[in-house]
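Undergrad: Can you keep this structure in mind? I'll have questions shortly.
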Protein chains: 2
Amino acid sequence: MPAPTDPRTGLPVVAMVGGGQLARMTHQAAIALGQSLRVLATDPGESAALVAADVRLGDHRDLDALRALAEGATVVTFDHEHVPTEHLQALVADGVRVAPGPDALVHAQDKLVLRRAMAAAGEPQPQWAEVQTLQGITDLADAVGWPVVVKTPRGGYDGRGVFVVDAAEEAADLLTAHGTLLVEQRVALVRELAVLVARSPFGQVAVWPVVETVQRDGINTEVLAPAPGLDEETALAAQELAVRIADRVGVVGVMAVELFQTADGVLVNELAMRPHNSGHWTIEGARTSQFEQHLRAVLDYPLGSTEMAAPVVVMANVLGGAASAAGWDGPGLDERVHHLMAHWPDVKLHWYGKGQRPGRKLGHVTALGEDLAEVRARAVAAARYLADGEVDPAFAFAQEH
Amino acid sequence: MPAPTDPRTGLPVVAMVGGGQLARMTHQAAIALGQSLRVLATDPGESAALVAADVRLGDHRDLDALRALAEGATVVTFDHEHVPTEHLQALVADGVRVAPGPDALVHAQDKLVLRRAMAAAGEPQPQWAEVQTLQGITDLADAVGWPVVVKTPRGGYDGRGVFVVDAAEEAADLLTAHGTLLVEQRVALVRELAVLVARSPFGQVAVWPVVETVQRDGINTEVLAPAPGLDEETALAAQELAVRIADRVGVVGVMAVELFQTADGVLVNELAMRPHNSGHWTIEGARTSQFEQHLRAVLDYPLGSTEMAAPVVVMANVLGGAASAAGWDGPGLDERVHHLMAHWPDVKLHWYGKGQRPGRKLGHVTALGEDLAEVRARAVAAARYLADGEVDPAFAFAQEH
C-alpha cells in the first residue's frame, strides 16, 4: 500500500510527535518543500503549536492520540525521544511508517541499550557498568577511580538524570527509584564534540562537519562549526564513527552523536535521533539544514548537500536570564529584539515563542563569518543581550569588527 | 496607544492581506522572529492558508473582513496590491497601522499615479501619456513611433493589462472598458533589471544588489543576482534611484523597483510594494531575506544586512508545464521532487502548495555558486524538470560541473 499523501497538494504529510522548538523549525523547512508539518502537541501554547496549521492536541504516551496523529500521514517522526517503545511497535504493527523505527530509537531512549550496542560493535566509549547495587558502583570506581558518573538509563536530557558522585551512597535514592543504573568512568575531557548525520531508509547517509559543543550547567549553549583546531584525521574518524553508528542502529532521520574528545581520541557519549541543538547552526550555516534533511530522510528523499555556507558558523542559545526573572524592569522582549537587530544586523534570530522563564531555552542566534573569535563574540553577545538585557563586555569586541 | 502584541509571546502580530506564496514565505520568516503571521485568505486551500496557524477567511475587498483581520494585530500589510484605497484609509482612520500606507501603496496600484509622481520628481521613465481618446494614443505614437504600449492604470500584474499596439484602434475595446488608459513609448530594451529596497517608518533604508529579471510571456521566471556585467556606476545609480523613490513615495516595507535598462541608462517601469518575485533569491542568497526584511520594516525594527551569501545566485520559477496538463502520465509531483533532490542536491526548493495548472507559478528553485553559466543552467534545468518532468538539455551541462 503506498503511503498516504496530502490530497490537496499530492505531497507527503510528515507527522511529528512533540510540539517544541524542533517541530517549530521543522515546520519552517516543511513549508519550503510544499508540505505542512502535522504536530502532536500537549498544549496549544507550545512552540510549534503557535505556528503550525495542523496541530493535534494529545499526549505522546497515549496510543490513541498517536494513532489519530498517524491517520493519513505519510510517516511519523519525533521532536523528542519520550514515546514509549511499545506504542511505537503498535504503530508499526498497524502499518504506520515510523522514522526512526522503535528498534533504532531505543538507542537514544535507553543509555544502557546504547552502551551494550557500542560495546558489541567495538566502538570507543567510556568504561561503564550496568548496576543494580551500590557495590556495583563501587566496583566500577575501583577500576576507573572516583568520582564516577551515574545515569538513569531513561528519561534524561539537557544534563538531567546525570550525576557525578564521589561515593556510592550518594546514588542510594536514585538506585531505589530506578532499580538499575548506568555507571560510567568520568572521562578526562579535552572538550565535547558532536557529529550530525542523516540516514534514509534507502541507506543514503549525509554527514555535516564535526562541531564543538560548549555546555553550561549540562546544557549545550554554544556550537562552533567546524570544531576549531580539530585535525583532519580526527574529524574524519569522528564522521566515520557517526556513519557506522547510523548504519548499525538503522536510524532513519537526523541523528546527533555526542562525543567526548580526550587525549586519546573520541568516545561516544550519547545519541539523539531527531534534529538536535548541535545542528541549529545548519539553518543558515549549511546548504541543507538539519530540519530539511530530517524531512528528506524520513521521506526517503535523496539527501541534500551538507556543505558549509561560510568558513565559520557559531550558534548561541538564549537561556532565560535576568530579563526572564520576576520583577524585571528593563527592556521587554520586543524591545530587546529591536536592539538586537540594531546592534547585530547580520546575526540571525530564532525565537521559539515559549513563555520566558529563567534557565529555559528560549531561542538561539547564529552568526557567520571568517574569524572564529569575532564570530563567536558576536553570537554570544547577542544571545546574552536577549537573555539578560545587558550588553556583555564581548559586545565591544564584536562591534569593532 | 501602543500597538497590540501577541499576549502569549509578548511579540508583534503581523497581519497580511492575501494568502498566496508571498504570505506563505513571510510566515516562514515570521516563525524565526518568534511570531506567527496572521493571514487573510479567500480560500482555505490557498498557499499560505495551508501552512499558517492563524488564518482568517474573507475577501480583501470587504472592509469588515479587513477590520476583523486588523483586530489585535500590530500592523496590517499585504501579499498583493488589490485592496481598495478607501478601505485602507478607513483602517487608518480606525487607528490601525497599515504598512505600506494607502498614500504610498497607490503608486503600486495605479500606474498613472506612478507616472505622475516620477515626472514630478524628474526620475527617468519611458515617455507616456494619460489618454481618454484613441487620438491620444496616436498623438503619443506620433512623438515616439509605433508600436506603443497601452496599459490599464489598475489591476495588471505578471503582464496582464499590458498591450503592445500598432494602431490606436487595437485599443478601442480597452478604452471603452476603462475610460482612461496609460500609453507609453515602447522602449528599446537591453534587458530588465530590478532593485529591491526596504524602508522602515523610522526612515531606515536597505537595498539589495541590482538583479536582472528574465521574463517569459510577460512573467518573470528567472532572476540573476547580481545583474551580470552591470557596471558599478549604473548599479549604484539604480540603487540610489530606488532609495529616492522609496523616500519620495514614503513606502514602509519591501518595495521592488522594476527597471528597463536601455543604451542610455535605466528607466522606471513599475513598482511593487511587498515581497516580490525578483527577491526570492534572497532567502538563501542574502544574509537577510526579503520576507524577514519586510517584517522588520513594517514593525519598525532595524533592517538586516543585505549582503550576498554567495558570488552568484540564480532563482528560477516553476511555471506549470507539461506535468500539470490534463492526461499527464509521467512522474507525479512527489516523484519529481524526489528526482530533483537526487540530481541537484544543493538546489533549494520552494514549493507553494498550489494546485497544478499549466502556466501557474507553482514554486521556485534557487542555486548558488561562483560561475553564472553553471549556476543558471543548474537552476533552470531543475525548474524545468519540475515543470515538464523532462530533463532539459541544459541538465547535461549542469551535471558536468
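FYI, it's all coordinate maths here, none of it is from the lab. Fair warning: this is a prediction, and the values are worked out from it, not measured in the lab. Note that we place each Cβ from the backbone using ideal geometry, even for glycine, and neighbour counts take in every protein chain shown.
Undergrad: Of B:293, B:226, B:279, which is farthest on the positive side of the dipole of region B:210-352, counting Cα position, with +1 on Lys and Arg Cβ, -1 on Asp and Glu Cβ, and the Cα centre as origin?
TA: B:293
Undergrad: Here's a follow-up. With the cut-off at 1.5 for a/c, could you classify chain B from its C-alpha gyration tensor as rounded, prolate or oblate?
TA: It comes out rounded by the Cα gyration axes.
Undergrad: Follow-up. Considering the rotational relationship between chains B and A, which residue of chain B contributes the beta-carbon of minimal distance to the axis, and what is that distance to the nearest Å?
TA: B:28, 2
Undergrad: Can you compute the modelled spin-label distance between residue A:216 and residue A:61, with each label point 7 Å from Cα toward Cβ, in nm?
TA: Going by the 7 Å Cα→Cβ label model, 3.2 nm.
Undergrad: Continuing with the same structure: Summing Lys, Arg as +1 and Asp, Glu as -1, what charge do residues with Cβ under 10 Å from the Cβ of residue B:330 carry, residue B:330 excluded?
TA: Once positives and negatives cancel, what remains is -3.
Undergrad: Charges at C-beta only: +1 for Lys and Arg, -1 for Asp and Glu. How large is the resulting dipole of the protein assembly as shown about its Cα centre, in Debye rounded to 20?
TA: Magnitude of the dipole: close to 1180 debye.
Undergrad: Within the protein assembly as shown, what percent of beta bridges assigned by DSSP are antiparallel, to the nearest 5?
TA: If I count the DSSP bridges inside the protein assembly as shown, around 80 percent turn out antiparallel.
Undergrad: Return the single residue from B:391, B:205, B:55 with maximal mean-square fluctuation; model: Gaussian network over chain B, springs between Cα atoms under 10 Å.
TA: Checking each option, the largest mean-square fluctuation is seen for B:391.
Undergrad: For a quick size check, give me the Cα extents of region B:222-341 along its three principal axes, largest first, whole Å.
TA: That works out to 52, 39, 28 Å along the principal axes.
Undergrad: Grab the other residues whose beta carbon is less than 10 angstrom from that of residue B:212, score K and R as +1, D and E as -1, and report the net.
TA: Neighbour charge sum, excluding residue B:212 itself: -1.
Undergrad: Which order do peptides B:107-119, B:164-176, A:173-185 fall in by mean Cβ count within 10 Å, highest first?
TA: B:107-119, A:173-185, B:164-176
Undergrad: Let me ask you something else. Mind checking which of A:12, A:201, A:345 has the largest fluctuation in a GNM of chain A, springs on alpha carbons under 10 Å?
TA: A:345
Undergrad: May I pose another question? Mind checking which lysines have their Cα closer than 21 Å to the Cα of residue B:361? Skip sequence neighbours fewer than 8 apart in that chain.
TA: B:348
Undergrad: Shifting gears a bit: With unit charges on the beta carbon (Lys/Arg positive, Asp/Glu negative), name the residue among B:82, B:104, B:63 whose Cα is farthest towards the positive pole of the charge dipole of region B:41-113.
TA: B:104
Undergrad: Across bins of 10 angstrom width beginning at 0, how are the C-alpha pair distances of region A:47-167 distributed, in whole percent?
TA: P(r) for region A:47-167, in whole percents per bin: 11, 33, 28, 18, 10, 1.
Undergrad: Measuring label to label, 7 Å along Cα→Cβ, what does residue B:71 give against each other copy in nm, shortest first?
TA: Sorted ascending, the copy-to-copy spacings read 3.1 nm.
Undergrad: Net charge near residue B:275: determine it from the other residues with C-beta under 13 Å of the C-beta of residue B:275, scoring Lys and Arg +1 and Asp and Glu -1.
TA: 0
Undergrad: Arrange the following residues from fewest to most other Cβ atoms within 10 Å of their Cβ: A:376, B:248.
TA: Lowest to highest Cβ neighbour count: B:248, A:376.
Undergrad: Right, another one. How many Å³ per residue does the convex hull of the Cα positions in the protein assembly as shown occupy?
TA: It comes to 170 Å³ per residue, whole-number rounded.
Undergrad: Please report the relative contact order for region B:9-90, taking Cα pairs under 8 Å with a sequence separation of at least 6, and give it as a percent rounded to a whole number.
TA: 35 percent
Undergrad: Moving to a separate point now. With springs only between Cα atoms under 10 Å, which of A:24, A:61, A:154 fluctuates most in a Gaussian network model of chain A?
TA: Evaluated over chain A, the most mobile residue of the options is A:61.
Undergrad: Right, here's the next one. What's the long-distance tail for region A:8-101, i.e. % of Cα pairs beyond 19 Å?
TA: 32 percent
Undergrad: Can you give the FRET efficiency to the nearest 0.05 for residue B:390 and residue A:103, using r as the Cβ-Cβ distance and R₀ = 45 Å?
TA: 0.65
Undergrad: Which residues among region B:258-291 fall inside the zone where the amide N is under 19 Å from a point 7 Å beyond the Cα of residue B:143, along Cα→Cβ?
TA: B:267-270
Undergrad: Rule-of-thumb check for region B:279-401: C-alpha Rg over 2.2 N^0.38 Å?
TA: Dividing the Cα Rg of region B:279-401 by 2.2 N^0.38 Å gives 1.15.
Undergrad: Under 8 Å for C-alpha pairs, at least 6 residues apart: give me the relative contact order for region A:278-375, rounded to a whole percent.
TA: It comes to 32 percent, rounded to a whole number.
Undergrad: Mind putting a number on the dipole of chain B about its Cα centre? Charges go on the C-beta only, +1 for Lys and Arg and -1 for Asp and Glu, and I need it in Debye to the nearest 20.
TA: Using only the charged Cβ atoms, the result is roughly 900 debye.
Undergrad: Pop a pseudo-label 7 angstrom from the Cα along the beta-carbon direction at both residue A:133 and residue B:373 and give the gap in nm to one decimal.
TA: Taking the simple label geometry, residue A:133 and residue B:373 are separated by 7.8 nm.
Undergrad: Can you give me the C-alpha center-to-center distance between region B:125-176 and region A:60-127, rounded to a whole angstrom?
TA: Cα centres, region B:125-176 to region A:60-127: 66 Å.
Undergrad: Kindly give the distances from residue A:328 to its copy-mates, label point to label point, with each label point 7 Å from Cα along Cα→Cβ, as nm values to one decimal ordered shortest first.
TA: 4.9
Undergrad: I'd like the mean, over residues of B:342-349, of how many other protein chain beta carbons sit within 10 Å of each residue's own Cβ.
TA: For this peptide, the per-residue mean of nearby foreign Cβ atoms is 5.
Undergrad: May I ask for the distance between the Cα centers of region B:203-223 and region A:270-315, given as a whole number of Å?
TA: 29 Å
Undergrad: Right, next: Output, in nm with one decimal and in ascending order, the distances from the residue B:248 label point to the matching label points of the other copies (7 Å from Cα along Cα-to-Cβ).
TA: 6.9
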